[in-house]
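Take a look at the structure set out below.
The values are calculated or read from the model by the stated rules, or taken from the named source; none is laboratory data. Small disclaimer: the values here were computed from a predicted structure and weren't measured. Note: ideal-geometry Cβ built from the backbone for every residue, glycine included; neighbour counts use all protein chains shown. Only protein heavy atoms, including side chains, enter the accessible area calculation; ligands, DNA and RNA are left aside. Shrake-Rupley method; radii C 1.70, N 1.55, O 1.52, S 1.80 Å.
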Amino acid sequence: MANLLNNYLLPLIIIVLEILAIVVPLLVAVAYLTYFERKVLAAAQLRKGPNVVGPFGLLQPLADGLKLMMKETVIPSGANRVVFIAAPILTFTLSLIAWAVIPIQAGVVLADINVGILYLFAISSLGVYGIIMAGWSSNSKYAFLGALRSAAQMVSYEVSMGFVIVTVLLCAGSLNLSAIVNSQAGSYGLLNWYWLPLLPMFVVFFISVLAETNRSPFDLPEGESELVAGFFVEYSAMTFALFFLGEYGNMILMSAMTSILFLGGWLSPLPFAPFTWIPGFVWLFAKIAFVLFCFLWVRATFPRFRYDQLMRLGWKVFLPLSLGWLVLTAGVLTAIRTWSGTGG
Amino acid sequence: MIALAFWLFATLTVASAVMVISARNTVHSVLFLIFCFFNAAGLFVLLGAEFLAMILVVVYVGAVAVLFLFVVMMLDIDFTELRQGFLRYLPVGIVVGVVLCVEIVFVFKTWILNPDMATVAAAVTPPLDQISNTQALGSLIYTHYVYAFQASGLILLVAMIGAIMLTHRARVGVRKQTISTQVARKREDAVTVVKVPTGEGI
């Protein structure tokens with residue numbers, strides 16, 4: 001009995017506690033991201049934004065969440081019930097499980113696996129299933145068209161995202177996320193991070209992330225002017241809330257991925273005394289918040305892309321550019337290794 | 001713990017594989033296929049082949065199965081019509097299945113591994129306790145077997161060009177947007193400022 005307790009029960013409890021330590025702050029962050037988005041958009045449009053519920057409108061996300069929970073879940077009679085319910089659950093779960101490999105600080109990570117970045121890429125490529133399943137099972141033409149658009153869009157931009165990730169991997173020499181962050185450390189602080197030497201790839205990655213998370217200006221799957229609300233047109237109450245949480249969770253996840261790959265993760269931008277005293281997770285959160293602000297900034301600035309322009313940008317601009325830059329990076333790295341003779 | 005995980009993944013893999021061929025709805029079958037891939041990736045992780053597991057998810061689940069699902073959803077399949085011919089073709093199907101099964105048994109009965117295989121191979125398998133399996137695969141594929149790898153890449157390229165050639169049709173009379181001409185347009189090409197005397201027009 002004691003054996004069972006020590007071998008199975010105790011590790012299980014510890015793992016569950018660790019998972020909760022990540023998931024609960026994440027859900028709070030998702031709730032306040034909606035508040036942040038409304039405030040930023042309001043500021044961009046010279047409005048006030050939510051300011052009635054609680055001080056500065058800070059309780060608005062809670063009020064919204066409560067409203068969604070109290071509503072009735074309507075399942076269309078023509079819908080495929082199991083798939084219809086499974087789709088939002090899948091979207092939400094995928095946006096949570098990816099956080100297992102994100103290093104929050106040096107050594108602080110739930111699962112420090114060898115192929116961390118591939119795991120992240122795999123999970124983000126699964127995100128399309130939630131959307132396809134929702135679109136198909138709703139048995140509605142608007143939802144289906146939204147799902148088809150989204151599937152084509154996400155698969156297209158995944159290709160160039162993959163090449164960008166490979167470029168970073170070549171520079172870091174590892175698939176482990178902590179190793180990628182550590183390889184960006186140096187005496188020049190933020191000038192050592194990969195955004196500067198790989199600047200075109202950073203831009204390609206950021207734009208691909210916008211397309212991958214179906215954010216404006218690539219929010220065609222839910223283009224409300226032609227598709228009502230896109231793939232989740234038939235969803236209501238909690239099923240809709242799960243889609244919403246999943247989408248915003250994915251935004252935070254992709255911002256974290258951008259921060260780790262290009263903005264030095266938990267590293268301090270200025271690598272000397274007063275700044276290195278600040279714990280690493282503060283820097284990581286600041287970087288995530290900055291990338292999220294850029295997401296919202298783009299949303300407030302740019303109109304939606306036309307579908308053929310979206311495809312053109314993905315296949316005819318980003319794919320050749322990232323492929324060419326990959327070859328160039330590999331060539332430069334080999335040249336440095338050959339001439340310096342260090343084998344690094 | 002590992003044994004528990006193995007039985008979980010193995011049972012789910014086999015069960016979902018059975019559901020792939022027995023589900024009535026084709027979309028459900030594809031979803032079960034995806035679930036099957038996913039559990040197979042879990043089995044790879046248990047074997048210590050984490051790179052293969054992730055690539056299985058990225059390539060097969062993330063890309064191939066999406067396109068597959070895409071096609072299956074777009075098809076308008078009439079299930080009653082599909083089932084009509086079932087009994088008529090059943091005897092032929094059974095005969096083909098038995099022949100294939102016997103052939104596979106023969107092949108495996110006569111299969112002998114070359115005893116000198118370790119000396120014939122161009123490269124030894126890297127010691128997996130010293131380097132990660134990503135590095136091991138990389139050095140095997142891109143250093144020791146690079147020509148075989150390039151040749152297989154070329155074969156896939158030929159297949160892709162063939163598929164495009166078969167389905168591509170050049171349509172005439174389509175007005176496509178050419179971004180370069182739009183960007184290259186200058187103010188002088190598009191706008192002329194005309195001084196119009198009052199009351200006379202152009």
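Worth a mention:
- Considering segment B:9-29, the residues that are out of contact with any Leu (no Cβ under 6 Å at 6 or more places or on another chain) and β-branched (Val, Ile, Thr) include one that is nearest to residue A:136 (Cα to Cα), namely B:27.
- Meeting the requirement of 2 or more residues that are under 21 Å from residue A:150 (Cβ atoms) and either touching an Asp or Glu at 6+ places or on another chain (Cβ under 7 Å) or open to solvent by less than 60 Å² (accessible area, probe 1.4 Å) (or both), the helices (runs of 4 or more DSSP H) wholly within segment A:226-344 are A:237-262, A:280-301, A:307-312.
- Which numbered condition residue A:114 fails, given (1) in a helix (DSSP H, G or I); (2) more than 12 Å from the chain's Cα centre (by Cα); (3) not small (Gly, Ala, Ser): (1)
- Test result for residue A:49, touching a helix residue (DSSP H, G or I) at 6+ places or on another chain (Cβ under 7 Å), among the small types (Gly, Ala, Ser) and either surrounded by 18 or more Cβ atoms within 10 Å (Cβ to Cβ) or more than 27 Å from residue A:143 (Cα to Cα) (or both): yes
- Residues in segment B:99-127 that are more than 29 Å from the chain's Cα centre (by Cα), assigned to a helix (DSSP H, G or I) and modelled with pLDDT of 70 or more: B:102, B:106, B:109.
- In segment A:31-39, the condition of being touching a Pro at 6+ places or on another chain (Cβ under 8 Å), open to solvent by 20 Å² or more (accessible area, probe 1.4 Å) and aromatic (Phe, Trp, Tyr) is met by at least one residue.
- Checked across segment A:156-165, the condition of being among the hydroxyl-bearing types (Ser, Thr, Tyr) and at pLDDT below 85 holds for no residue.
- Positions within segment A:134-154 being of a type in the set (Ser, Thr, Tyr) and over 21 Å from the mean Cα position of the chain (by Cα), in sequence order: A:137, A:138, A:140, A:142
- Among the residues examined, residue B:33 does not qualify as more than 19 Å from residue A:87 (Cα to Cα), in contact with a helix residue (DSSP H, G or I) (Cβ under 6 Å, 6 or more places away or on another chain) and more than 10 Å from chain A (Cβ to nearest Cβ).
- Exactly one residue out of A:97, A:113 is within 11 Å of another protein chain (Cβ to nearest Cβ), closer than 24 Å to residue A:29 by Cβ and open to solvent by 10 Å² or more (accessible area, probe 1.4 Å): that is A:113.
- Selection from segment A:26-74 of residues that are without any contact (Cβ under 8 Å) to a residue 40 or more places away in the chain and assigned to a loop (DSSP other than H, G, I, E, B): A:46, A:47, A:48, A:49, A:50, A:51, A:52, A:53, A:54, A:58, A:59
- Of the residues making up segment A:158-175, those that are assigned to a helix (DSSP H, G or I) and either open to solvent by 20 Å² or more (accessible area, probe 1.4 Å) or more than 12 Å from chain B (Cβ to nearest Cβ) (or both) are A:159, A:160, A:163, A:164, A:166, A:167, A:168, A:169, A:170, A:171, A:172.
- Scanning segment A:187-221 for residues that are part of a loop (DSSP other than H, G, I, E, B), out of contact with any helix residue (DSSP H, G or I) (no Cβ under 7 Å at 6 or more places or on another chain) and open to solvent by 30 Å² or more (accessible area, probe 1.4 Å) yields a total of 5.
- Residue within segment A:66-78 that is open to solvent by 80 Å² or more (accessible area, probe 1.4 Å) and touching a Lys or Arg at 6+ places or on another chain (Cβ under 9 Å) present: no
- Within segment A:176-194, none of the residues are touching a Leu at 6+ places or on another chain (Cβ under 9 Å), among the hydroxyl-bearing types (Ser, Thr, Tyr) and within 13 Å of another protein chain (Cβ to nearest Cβ).
- Residues of segment A:54-81 satisfying the condition of being within 14 Å of another protein chain (Cβ to nearest Cβ) and aliphatic (A, V, I, L, M): A:79
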